Amino acid sequence: MPSPEATGDRPLRADARRNRERILAAAEAVFAEKGATASTDEVAARAGVAIGTVFKHFPTKQALLQAIMKGLLARLTRELEALAADGAPAEGLFAFIARMVEQAAQKRTVVGLLAEAGVGLQLGDSVQMLREGIGNLLLRAQDAGVVREDVRLDEVVALLVGVCQGALHAGWDPDLQRRTLAIVFDGLRTSEARASATGC
């Protein structure tokens, strides 16, 4: 598979690679602020490059969105892997959901961009890796007796998307995030884990 920093079979020159990185950083900031409807002209202005330079690296806005999304999904997947390896399987799933909601309340993230960009982005492998990471945390939490055995991955993903969309569009403050997630997590926990969490 070609490197994301390659054009055909040839690696990018250092200056071209820097331009590509600047465009991606600018695009992520612009789309985070304004959503997927933001223009490539805004991205070029933020990156300090000509619009032709943007199109040289990303022939279409769709290609630019796809590159941003793959980068974001890769970072989230690495975060999931770190949570799974930190030796605290009971809280890893809840920690990841809480971080996603916090980020969504502050700016548009993966959930918002995915919802707005539609199904045209070719992100199947990246999304699948993210789902697998969440599924791994779910299984670890269930094995630790923290999350109910009847909870399925699809349900966790649906909850994650729902609460992130709420936080994204309503700009939840930290207290509302905490109270909402306490209810969500209480519904996911086993009766034993709920009793332990409340000290009863």
Helices (runs of 4 or more DSSP H) enclosed by the range 139-200 - at least 3 residues per element that are in contact (Cβ under 8 Å) with a residue 60 or more places away in the chain = 153-170, 174-188
Among the residues of the range 146-183, which ones are among the hydrophobic types (A, V, I, L, M, F, W, C) and under 19 Å from ALA32 (Cβ atoms)?
-> LEU160, VAL161, VAL163, CYS164, ALA167, LEU168, ALA170, TRP172
Within the bounds of the range 56-71, is there any residue that is part of a helix (DSSP H, G or I), of a type in the set (Val, Ile, Thr), open to solvent by less than 40 Å² (accessible area, probe 1.4 Å) and modelled with pLDDT of 85 or more?
-> no
Of the residues ARG194, ARG189, ARG179, which is modelled with pLDDT of 90 or more and open to solvent by 50 Å² or more (accessible area, probe 1.4 Å)?
-> ARG179
VAL30 being open to solvent by less than 40 Å² (accessible area, probe 1.4 Å) and at pLDDT below 90 = yes
Among ASP9, ASP41, which is the only one that is of a type in the set (D, E, K, R) and at pLDDT 85 or above?
-> ASP41
For VAL156, state whether it is within 20 Å of the chain's Cα centre (by Cα) and of a type in the set (A, V, I, L, M, F, W, C).
-> yes
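The values are calculated or read from the model by the stated rules, or taken from the named source; none is laboratory data. Just so you know, these numbers come straight off a predicted model, no measurement behind them. Note: ideal-geometry Cβ built from the backbone for every residue, glycine included; neighbour counts use all protein chains shown. SASA here: full protein model, heavy atoms, side chains in, ligands and nucleic acids out. Shrake-Rupley method; radii C 1.70, N 1.55, O 1.52, S 1.80 Å.
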